[in-house]
Amino acid sequence: MFRLRLVPDNTNIQFMRGRYAGLILSALLSLASIALFFYPGLNYGIDFRGGIVIEARTPQAADFASLRHTLGQLNMGQVALQEFGSPQDVLIRLERQPGDDAAQQVAADKVRATLAKEIPGTTVRRVEAVGASVSGELFYNGMLSLGLAMVAMLVYIWFRFEWQFGFGAVVTLLLDVTKIVGFYAITGLQFNLTAIAAILTIMGYSINDKVVVYDRMRENLRIYKKMPLRELIDRSINETLNRTLGTSMCTLLSIIPLAIFGGEALQDFGIVLIFGIFLATSSSIFIAAPILLFLGENRLRRGAPAAEGAQQPAPTP
Amino acid sequence: MLYFPRWKTYLIIAVCVLGTILSLPNFLSRETLAALPDWYAGTRVNLGLDLRGGSHLLLEVDMNAVIHDRVEGLVDSARTQLRTANIGYTAINAGDRGITVQLRDPAQADDAVKALRPLANTIGGGALGGGQPDLDIRANGGTVTATLSEVAMRDRATQAIEQSIEIVRRRIDETGVNEPIIARQGNDRILVQLPGVEDPDRIKRLLGTTAKMTFRLVDMNADPTTGRAPPGSEVLPSTEGGRNQQSYVVRKKVEVDGANLKNATAGTNPQTGEWVVNFEFDSVGARRFADVTRANVSRPFAIVLDNKVISAPVIREPITGGRGQISGSFTAAGANDLAVLLRAGALPAPLKVIEERTVGPDLGADSIRAGLMSVTVGFVLVCAYMLAAYGLFGAFACFALLINIVLTLAALSMLHATLTLPGIAGILLSLGLSVDANILINERIREETKKGRGVFGAMEAGFSRAYSTIVDSNLTTVIKMALLFIFGTGAIKGFAVTITFGILISMFTATVLVRLMMVSWLRQSRPAALPV
């Protein structure tokens, strides 16, 4: 009977051998991401920066040069034009106009009128105009929900597991989130409300993964009371490897269509989630588990008297 | 874990069937729906503006203008009060939140405070009193200040926003938009959602006009070209443009207020064929209008809208019927819009559009198509993997997945929740997350089988061991999505909603339903080994 197995059944990879490499690489990537966050910085979308986005469909293939010229004459700062989907679809981005929130509306109307005049037959398919006060609030709320989500995860894991697990999960999350931010900085994808949703989703997915691996470790801690922690962690990871990879595969399969067919709004979301799934899967194995190993097995086994007298090798190298 | 009492089996099947029935109206055509009873045909998912096309506007009430109006009013009334009480003053100044009066004689400070006290309005309290004055009046030497209290400012703001919402609703109703949503947001904002509106220009213009209309006499003694007006009058620009004068000197005193209008309609003047707005006063307005026109025959009477003179016709004879006509070189649309504004009434303060998101209907249709496509492809891919990895048990999981989508849709329909484009992404993502439960269970069963457990033992252990992990991992997701729902805005909320439903329902479909299918299969075919 054929069964697709992502890894053979009796896989026994000694993941903990790579614990330093994993942690150091991850830390370096996160540091690089933080650096990228400051320079060149994120490509904030209009949700967070304010400004105007207009999606237009021209009757024939759009003439970008003349379009840029026409819109440039409106004197509204930098006008970014982008083709997407088909040559007839143009995405016009304007920076936030000086003045108050209402100034964005005036500018958006002006572009609409110009398009209608200069390229007759153009349909404006989407208009978004966001002023400074709204974008400021959206940004604040977005960051607030990220922060609160982090705290909520910490509290949940703390209650549910021993503190070492909670600590490991939160450090891993921090490393994950910084890398997603770095991914936004490198790719130049729009950082907007959808990005917050993407980060929250990846955080949720990552924690999911950690919970499954941790659950197995805890179970094994009870079963193999004398097994060295390093061996036990490796064993737990290997036992759950098929599940970890299987779920990652399924989530990946469900997200890929989004990145292909999702249209302007969801394409970016899909791409970031695909990156996030790889990130979360690798961090369960190479980050969350080593942290647990470093925090020591003596403490993790304090509640199990049977292990007290057993000879235990030092948890550190 | 493996025993299902008969009632439980029936209950599970009933939930699935009921869910399917409830989600059906989403797929039926308009004609079929019309033949069904309303309560059933009505259980459909609301499509968000990004899917059905429409315009989302966020308006802000200019609270500074609200307070400014009140302060200006205070200056005027203070002047009158002090004059009648015979208290001399050198200046009355308007501040941000109140007024300052410089008295000529500091000894009159107490009298001045007493004279100004009637300016305060009482806020709060009921029929028995108990409210408090909204003004804090103090004397300090020869200076008397009257300051609006914090409570008063808040009270003003609340009133202004509630009034504004009412006026906005009336104006939008006049334009014939179907099912608009108009809701207060925060302290000074109004959210307006207009399904099907592709170009919100006209509505933005309508909402951006305060439409404060007054009828005032033109000051015949001043020359508007000098740009200076005598006390009690002001120079106002004209909207008529080249045809007539550029501006008028108009008395500040309001003879008749637009608030006294009962009706206004657009029409054409039969003689000139010009577009005009016909209006009709209520009884109070009609009486005042008659008095003024009787006393001022052959003098020009200015019709002022938002501090611009629309026209200033000369009064030929007293108008006693309470009806009149505004002609101001209107276009058909201009006349109609003005009629709408006059009928709906004036806003208490100017409104600003601070956020607009408009999606055309064809883009919405494209998005629906893209969404359906993504969900279908995603579903097929996930099912293909599950079948390849777990065979028959994978097929059970796929069926459960299908029921999961159907039940999610049914839940959204029953709650009349709004499905947005990110919401569709949520459905997709929950496909991946909910098979996680099945993968956990199947992997566990496989492990237990390898350890040498029998068919039933392995199943039993697989389900019970995997269960706590499933609950744990799903709860963390639900916590996250709750936060996203609370702090997210607009379409993003839709993502949180569908994913939450998807996950919660997967706790039923991926575990209970799949277990039922597996157990029934076990009982029927009594296999020697599990097909995992």
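The values are calculated or read from the model by the stated rules, or taken from the named source; none is laboratory data. This is a predicted model, so every value here is computed, not measured. Cβ atoms come from the backbone with ideal geometry, glycine included; neighbour counts cover every protein chain shown.
Looking at the stretch A:227-245, which of its residues are within 10 Å of chain B (Cβ to nearest Cβ) and of a type in the set (Ser, Thr, Tyr)?
Correct list: A:THR240, A:THR244.
What residue, of B:ALA388, B:ALA370, is touching a helix residue (DSSP H, G or I) at 6+ places or on another chain (Cβ under 6 Å), at the interface with chain A (Cβ under 9 Å from one of its Cβ atoms) and closer than 30 Å to B:ILE499 by Cα? Reasoning before the result, please.
Values: B:ALA388 fails: touching a helix residue (DSSP H, G or I) at 6+ places or on another chain (Cβ under 6 Å).
Exactly one residue qualifies, and that residue is B:ALA370.
Name every residue in the stretch B:206-236 that is part of a loop (DSSP other than H, G, I, E, B) and either touching a Lys or Arg at 6+ places or on another chain (Cβ under 8 Å) or at pLDDT 85 or above (or both), in order of residue number.
B:THR209, B:THR210, B:ALA211, B:LYS212, B:ASP219, B:MET220, B:ALA222, B:GLY232
Filter the stretch B:29-81 for residues that are polar (S, T, N, Q), part of a helix (DSSP H, G or I) and either touching a Ser or Thr at 6+ places or on another chain (Cβ under 6 Å) or under 30 Å from B:ILE92 (Cα atoms) (or both) and give the result.
Result: B:ASN64, B:SER77, B:THR80, B:GLN81.
Hey, can you tell me all the residues within the stretch A:256-267 that are crowded, with 22+ Cβ neighbours inside 10 Å and either more than 7 Å from every other protein chain (Cβ to nearest Cβ) or outside any helix (DSSP H, G or I) (or both)?
Hit for the stretch A:256-267 is A:GLY262, nothing else.
Looking at the stretch B:466-482, can you tell me whether even one residue there is more than 8 Å from every other protein chain (Cβ to nearest Cβ), touching a helix residue (DSSP H, G or I) at 6+ places or on another chain (Cβ under 7 Å), free of Cβ contacts under 8 Å to residues at least 40 places away in the same chain and farther than 30 Å from B:LEU47 by Cβ?
Within the stretch B:466-482, one or more residues are more than 8 Å from every other protein chain (Cβ to nearest Cβ), touching a helix residue (DSSP H, G or I) at 6+ places or on another chain (Cβ under 7 Å), free of Cβ contacts under 8 Å to residues at least 40 places away in the same chain and farther than 30 Å from B:LEU47 by Cβ.
Per-residue answers, yes or no, for (1) aromatic (Phe, Trp, Tyr); (2) crowded, with 23+ Cβ neighbours inside 10 Å; (3) at pLDDT 90 or above:
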{"site": "B:ILE319", "(1), (2), (3)": "no, no, no"}
{"site": "B:SER327", "(1), (2), (3)": "no, no, no"}
{"site": "B:LYS352", "(1), (2), (3)": "no, no, no"}
{"site": "B:PRO361", "(1), (2), (3)": "no, no, no"}
{"site": "B:LEU372", "(1), (2), (3)": "no, no, yes"}
{"site": "B:VAL375", "(1), (2), (3)": "no, no, yes"}
{"site": "B:ALA389", "(1), (2), (3)": "no, yes, yes"}
{"site": "B:ALA395", "(1), (2), (3)": "no, no, yes"}
{"site": "B:LEU401", "(1), (2), (3)": "no, yes, yes"}
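Test B:PHE485 against the stated conditions and say whether it is within 39 Å of the chain's Cα centre (by Cα), surrounded by fewer than 23 Cβ atoms within 10 Å (Cβ to Cβ) and more than 11 Å from chain A (Cβ to nearest Cβ). Spell out how you get there, then give the answer.
Numbers: within 39 Å of the chain's Cα centre (by Cα): yes; surrounded by fewer than 23 Cβ atoms within 10 Å (Cβ to Cβ): yes; more than 11 Å from chain A (Cβ to nearest Cβ): no.
The answer is no for B:PHE485.
Which residue is nearest to the chain's Cα centre (by Cα), if the candidates are limited to the stretch B:83-127 and must be in contact (Cβ under 8 Å) with a residue 40 or more places away in the chain and either more than 15 Å from B:ILE137 (Cβ to Cβ) or in a strand (DSSP E or B) (or both)?
B:GLY98
Determine, yes or no, whether B:GLU443 is of a type in the set (D, E, K, R) and more than 10 Å from chain A (Cβ to nearest Cβ). Before you say what the answer is, go through the steps one by one.
Details: of a type in the set (D, E, K, R): yes; more than 10 Å from chain A (Cβ to nearest Cβ): no.
It is false that B:GLU443 is of a type in the set (D, E, K, R) and more than 10 Å from chain A (Cβ to nearest Cβ).
Is it true that some residue in the stretch A:150-161 is among the small types (Gly, Ala, Ser), more than 24 Å from A:ARG218 (Cα to Cα) and at the interface with chain B (Cβ under 9 Å from one of its Cβ atoms)? Quick ask: steps written out before the conclusion?
Looking only at the stretch A:150-161, we keep the residues that are among the small types (Gly, Ala, Ser), and these are A:152.
Cutting the leftovers down to more than 24 Å from A:ARG218 (Cα to Cα) gives us none.
Within the stretch A:150-161, not a single residue is among the small types (Gly, Ala, Ser), more than 24 Å from A:ARG218 (Cα to Cα) and at the interface with chain B (Cβ under 9 Å from one of its Cβ atoms).
Mind checking which residues of the stretch A:184-226 are of a type in the set (A, V, I, L, M), under 18 Å from A:LEU148 (Cβ atoms) and facing another protein chain (nearest Cβ under 8 Å)?
A:LEU193, A:ILE196, A:ALA197, A:LEU200, A:MET203, A:ILE207 - these are the residues of the stretch A:184-226 that are of a type in the set (A, V, I, L, M), under 18 Å from A:LEU148 (Cβ atoms) and facing another protein chain (nearest Cβ under 8 Å).
Do we find a residue being under 30 Å from A:ALA102 (Cβ atoms) and either in contact (Cβ under 8 Å) with a residue 60 or more places away in the chain or acidic (Asp, Glu) (or both) anywhere in the stretch B:365-387? Before you say what the answer is, go through the steps one by one.
Of the residues in the stretch B:365-387, the ones under 30 Å from A:ALA102 (Cβ atoms) are B:367.
This time we only want the ones that are either in contact (Cβ under 8 Å) with a residue 60 or more places away in the chain or acidic (Asp, Glu) (or both), so: B:367.
Within the stretch B:365-387 (the criterion being under 30 Å from A:ALA102 (Cβ atoms) and either in contact (Cβ under 8 Å) with a residue 60 or more places away in the chain or acidic (Asp, Glu) (or both)), the answer is yes, since at least one residue qualifies.
With in contact with a Gly (Cβ under 6 Å, 6 or more places away or on another chain) and either loosely packed, with under 14 Cβ neighbours inside 10 Å or on the phi < 0 side of the Ramachandran plot (or both) as the only criterion, which of A:SER135, A:SER145 stands out?
One residue alone meets the criteria, A:SER135.
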